[in-house]
Amino acid sequence: MLSLNAVGVPEGGRALYDDLHVGGQVELTGAGAPPDAGCVLTYIVDQPSEVETVLATAVRHGAEVLKPAKKSLFAGFAATCRAPDGTVWKLTAPTRKDTGPAADQPAPTELVAILAVADPKAAKAFYESLGMAVDRDYGAKFIDFQLTPGRPRLGLMTREALTKDAGGLGTAVLTCTADSREEVDRVLAAAVAAGGRITAPAQENGGYAGEFAAPDGHRWKVRFTH
């Protein structure tokens, strides 16, 4: 099963991401994704006070608060911010009140890269054609995919709904890891067949990797490491 392996963000965010404890799930790259390919990175913690702690850490590193920390209308507790590198983070907890002692330095229980797409159902079909397996499917509202433990989850929402929910969109480069050179070639060919386009042909460069853009503009790297 193919799945999202890491989220690539600009190199300048190293200090922030070290303090957010997202090593292995966030990779520092030289450049971001195209500005029209919107994405929100959702950082899930256990309880509200941890949302506030993580938000304070982000602000200390220069992040702009897009939505202050508060109780959600239906459930949970959330805040959103834009990091200095342009990525947008939604910090969220599933409960509206603390249920126990908060961690002094919270780490995410799960990280979700939610992509802004025109049609979640069409985008779902595209990613299924690459070999990804759907986990939860709420139609046009939200769709996500099965994840590899310890790695980010991939989600889909309409651009309008995601912008309204987060207060803005950022960008990121998505990475998936293949099991062989042949799988890299297969994924790239499947992406083109399903409406994507190759942005960097597969080649050897410390491993075997190629890049493609999905129909909604999101940039992906597929790699096999020897």
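The values are calculated or read from the model by the stated rules, or taken from the named source; none is laboratory data. Only a predicted model underlies this, so the values are computations on that prediction, with no experimental measurement involved. Cβ sites come from the backbone with ideal geometry, for glycine too, and all protein chains shown count toward neighbours.
Of all residues in the stretch 166-182, exactly one satisfies the criterion of being more than 24 Å from L111 (Cβ to Cβ), part of a helix (DSSP H, G or I) and either in contact (Cβ under 8 Å) with a residue 40 or more places away in the chain or under 13 Å from the mean Cα position of the chain (by Cα) (or both), namely R181. In the stretch 192-213, the residue that is farthest from S180 (Cα to Cα) out of those that are touching a helix residue (DSSP H, G or I) at 6+ places or on another chain (Cβ under 6 Å) and surrounded by 18 or more Cβ atoms within 10 Å (Cβ to Cβ) is F212. All of (1) within 30 Å of A193 (Cβ to Cβ); (2) surrounded by fewer than 16 Cβ atoms within 10 Å (Cβ to Cβ) hold for V117 with one exception: (2). Looking only at residues in the stretch 126-144 that are among the charged types (D, E, K, R) and part of a strand (DSSP E or B), the one that is surrounded by the most Cβ atoms within 10 Å (Cβ to Cβ) is D144.
Does D19 qualify as being in contact with a helix residue (DSSP H, G or I) (Cβ under 8 Å, 6 or more places away or on another chain) and at pLDDT below 90? The answer is no for D19.
Number of residues in the stretch 6-21 that are surrounded by fewer than 22 Cβ atoms within 10 Å (Cβ to Cβ), more than 13 Å from G86 (Cβ to Cβ) and in contact (Cβ under 8 Å) with a residue 24 or more places away in the chain equals 3. Taking residues in the stretch 32-54 that are part of a loop (DSSP other than H, G, I, E, B) and at pLDDT 95 or above, and partners anywhere that are crowded, with 24+ Cβ neighbours inside 10 Å and not hydrophobic (A, V, I, L, M, F, W, C), not one pair has Cβ atoms closer than 7 Å while being at least 6 places apart or on different chains.
Filtering the stretch 131-165 to residues that are more than 20 Å from A178 (Cα to Cα), of a type in the set (A, V, I, L, M) and more than 15 Å from the chain's Cα centre (by Cα) leaves A140, A161. Taking first residues from the stretch 199-226 that are among the basic types (K, R) and partners that are part of a loop (DSSP other than H, G, I, E, B) and buried (at least 21 other Cβ atoms within 10 Å of the Cβ), the Cβ contacts under 8 Å between residues at least 6 apart in sequence or on separate chains come to R219/A33; R219/A37; R223/A178. Scanning the stretch 214-223 for residues that are touching an Asp or Glu at 6+ places or on another chain (Cβ under 8 Å) and either assigned to a helix (DSSP H, G or I) or surrounded by 20 or more Cβ atoms within 10 Å (Cβ to Cβ) (or both) gives R219, W220, K221, V222.
For the stretch 142-161, the set of residues classified as over 18 Å from W220 (Cα atoms) and among the hydrophobic types (A, V, I, L, M, F, W, C) consists of F142, I143, A161, listed by residue number. T109 meets each of the listed conditions (1) surrounded by fewer than 15 Cβ atoms within 10 Å (Cβ to Cβ); (2) closer than 18 Å to A161 by Cα; (3) in contact (Cβ under 8 Å) with a residue 60 or more places away in the chain apart from (2). Among the residues making up the stretch 39-97, a single one is among the β-branched types (V, I, T), under 16 Å from A15 (Cβ atoms) and touching a Gly at 6+ places or on another chain (Cβ under 8 Å): T87. Can you say whether V65 is of a type outside the set (D, E), in a strand (DSSP E or B) and within 30 Å of G131 (Cα to Cα), as far as the supplied structure shows? Taking the combined requirement at face value, the residue does not satisfy it. Residue-level analysis places L73 outside the set of residues that are in contact (Cβ under 8 Å) with a residue 40 or more places away in the chain and either buried (at least 17 other Cβ atoms within 10 Å of the Cβ) or in a loop (DSSP other than H, G, I, E, B) (or both). Within the stretch 184-198, identify whether any single residue is modelled with pLDDT of 95 or more, part of a strand (DSSP E or B) and more than 13 Å from A116 (Cα to Cα), and answer yes or no. Yes; the residues of the stretch 184-198 include at least one that is modelled with pLDDT of 95 or more, part of a strand (DSSP E or B) and more than 13 Å from A116 (Cα to Cα).
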